[in-house]
Amino acid sequence: MIASHRHRFVFVKTRKTAGTSLEIALSRHCGPDDIVTRISPEDEELRAAAGGVGPQNDDTDPSSYAHMGARRIIQVVGRPTWDAYFTFAVERNPFDVVASSYRYSARKPTFTKTFGEFVRTPRRLDRLALNERLYRVGGRVAVDRVYRYEDLPDAVADISARLGVNLDLPHAKQGSGPHYRELYGPGDVEIVAQRFRRTISEFGYEF
């Protein structure tokens with residue numbers, strides 16, 4: 001999460017949506033009074049190399065963390081600030097989000113689940129399904145804009161224009177592997193479609 005008083009914006013960071021890359025790019029334009037939450041040590045090295053501002057103004061509040069939801073951010077920055085600033089998040093096709101999360105997990109030597117087993121592990125999908133709650137309050141979208149990951153170049157151009165900055169996204173976590181559709185087997189699509197039905201419906205996503 002980043003709350004910038006210098007450029008009057010709040011970035012609500014979702015999972016598997018190029019959030020770290022955006023966070024690094026945005027942090028390059030932050031001032032000393034802006035709130036920048038911490039990311040992984042490896043990503044902090046990338047942020048430093050890119051000339052970004054590291055974690056700051058978040059150590060006084062133990063509930064300040066990267067994937068902080070809108071409700072908590074409003075408590076931290078205050079309702080007047082939230083209402084006055086440009087607030088935004090990024091959403092991604094849930095079928096692709098689940099596949100991306102699986103590919104990331106599969107890189108770990110101790111991970112042995114198949115994709116079918118992965119989507120049938122409730123806690124895995126529940127964690128990813130939190131994305132749609134991060135930018136909502138009381139079930140309603142609370143940010144000014146939810147960009148689509150699939151339209152990221154246009155989103156970056158729009159954010160740059162709105163904030164009056166030039167965002168240059170690093171590839172903080174490059175994904176690799178087959179197209180997400182190739183991972184899905186019998187019954188997998190239905191499970192993901194049911195768990196993410198609101199996001200799929202609201203954003204018009206398809207398998």
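Observations on the model:
- Averaging Cα coordinates gives a centre for region 109-150 and one for region 1-77; these two points are 20 Å apart.
- Helical runs assigned H by DSSP (4 residues or longer) give the chain a calculated mean residue ellipticity at 222 nm of -11500 deg cm²/dmol, each run adding -39500 (n - 2.57) before division by the residue total.
- Across region 8-80, counting alpha-carbon atoms alone, Rg and Dmax equal 11.7, 35 Å.
- Distance histogram for the chain (every C-alpha pair counted, 10 angstrom bins, percent rounded to whole numbers): 8, 34, 36, 19, 3, 0
- Mean-square fluctuations from a GNM of the chain, with a 10 angstrom spring cutoff on Cα atoms, peak among Gly52, Gly164, Gly31 at Gly164.
- About the Cα centre, charge dipole magnitude for region 2-203 (Lys/Arg +1, Asp/Glu -1 at Cβ), debye: 640 debye
- Sorting 128-135, 92-99, 107-114 by average packing, meaning the other beta carbons within 10 Å per residue, from highest down gives 92-99, 128-135, 107-114.
- Convex hull volume per residue for region 102-186, taking Cα atoms only, in Å³: 146 Å³
All of the numbers you see were taken from the coordinates with simple rules; none came from a lab. Only a predicted model underlies this, so the values are computations on that prediction, with no experimental measurement involved. FYI the Cβ positions are ideal-geometry reconstructions off the backbone, even for glycines, and counts take in every protein chain you see.
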